[in-house]
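Colleague: Quick one: this structure, given as structure tokens, is what I'll be asking you about.
Derivation of every value follows stated rules applied to the coordinates shown; laboratory data play no part. Bear in mind that the values here come from a model prediction, so they are computed numbers and not experimental data. Backbone-built Cβ (ideal geometry, glycine too); neighbour counts: all protein chains shown.
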Amino acid sequence: MPIIAALFAGVIFGLGITVSGMINPAKVLNFFDVAGTWDPSLALVMAAALLTTAIGYRLVFARGTPLVEPRFLVPTRKDVDAQLLLGSAIYGLGWGLIGYCPGGVVPALGLGRIEPFVFVAALVGGMGLARLLSRLRTTSQPA
């Protein structure tokens, strides 16, 4: 059941990204071009996502238990470290330079263009590199 729920949520997310036009990198890049062809529609998509998330969290947490899992898996870390800041900066730079974010690029794979596939390959490679660097850092620390 959890896999079906995740698939359903992913399909709904992909449809929302597609219908809102956020699989088009030019539309996303125009949001960042405040001095030129600024397009505020990305801000509206983000606001709708935040509103939907806030309502969803309130309803699910008020219920007391998740629908398809035995317990809530909520992150407990609240610190801001160099790894979080660097990762966020790289994410933001990539999004602003290319116009794809990981959520929007998956539905864009269906367009049959090469750019989304290159982006996903770079994304997976970057995740692998980050994992490798994390392992190297942990094994090189004195016990």
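Colleague: In the set G96, G125, G87, G110, which member is touching a Pro at 6+ places or on another chain (Cβ under 9 Å), surrounded by 10 or more Cβ atoms within 10 Å (Cβ to Cβ) and either of a type in the set (D, E) or part of a helix (DSSP H, G or I) (or both)? Walk me through it before giving the result.
Modeller: On the way: G96 fails: touching a Pro at 6+ places or on another chain (Cβ under 9 Å); G125 fails: touching a Pro at 6+ places or on another chain (Cβ under 9 Å); G87 fails: touching a Pro at 6+ places or on another chain (Cβ under 9 Å).
Within the list G96, G125, G87, G110, the selection yields G110.
Colleague: Return yes or no: is L73 free of Cβ contacts under 8 Å to residues at least 40 places away in the same chain and either in contact with a strand residue (DSSP E or B) (Cβ under 7 Å, 6 or more places away or on another chain) or not basic (K, R) (or both)? Give the derivation first.
Modeller: Details: free of Cβ contacts under 8 Å to residues at least 40 places away in the same chain: yes; either in contact with a strand residue (DSSP E or B) (Cβ under 7 Å, 6 or more places away or on another chain) or not basic (K, R) (or both): yes.
Spelling it out, L73 is indeed free of Cβ contacts under 8 Å to residues at least 40 places away in the same chain and either in contact with a strand residue (DSSP E or B) (Cβ under 7 Å, 6 or more places away or on another chain) or not basic (K, R) (or both).
Colleague: Quick test for you: out of I17, I55, pick the one residue that is without any contact (Cβ under 8 Å) to a residue 40 or more places away in the chain and in a helix (DSSP H, G or I). Steps first, answer last, please.
Modeller: On the way: I17 fails: without any contact (Cβ under 8 Å) to a residue 40 or more places away in the chain.
Selected residue: I55, the only one of I17, I55 that is without any contact (Cβ under 8 Å) to a residue 40 or more places away in the chain and in a helix (DSSP H, G or I).
Colleague: Hey, another quick one. Test F119 against the stated conditions and say whether it is touching a helix residue (DSSP H, G or I) at 6+ places or on another chain (Cβ under 7 Å), within 30 Å of A5 (Cα to Cα) and surrounded by 13 or more Cβ atoms within 10 Å (Cβ to Cβ).
Modeller: Criteria met by F119.
Colleague: Among all residue pairs at least 6 apart or on different chains, which show Cβ distances below 6 Å where the first residue, located in segment 20-36, is without any contact (Cβ under 8 Å) to a residue 24 or more places away in the chain and the second is assigned to a helix (DSSP H, G or I) and aliphatic (A, V, I, L, M)?
Modeller: Partner pairs satisfying both residue conditions: F31/L42.
Colleague: Sort out which residues of segment 58-82 are part of a helix (DSSP H, G or I) and either loosely packed, with under 11 Cβ neighbours inside 10 Å or basic (K, R) (or both), and write them in order of number. Walk me through how you get there before you give the answer.
Modeller: Here is the first cut: in segment 58-82, the residues part of a helix (DSSP H, G or I) are 58-63, 82.
Once the filter is applied, which keeps residues that are part of a helix (DSSP H, G or I) and either loosely packed, with under 11 Cβ neighbours inside 10 Å or basic (K, R) (or both), segment 58-82 yields R58, L59, A62, R63, A82.
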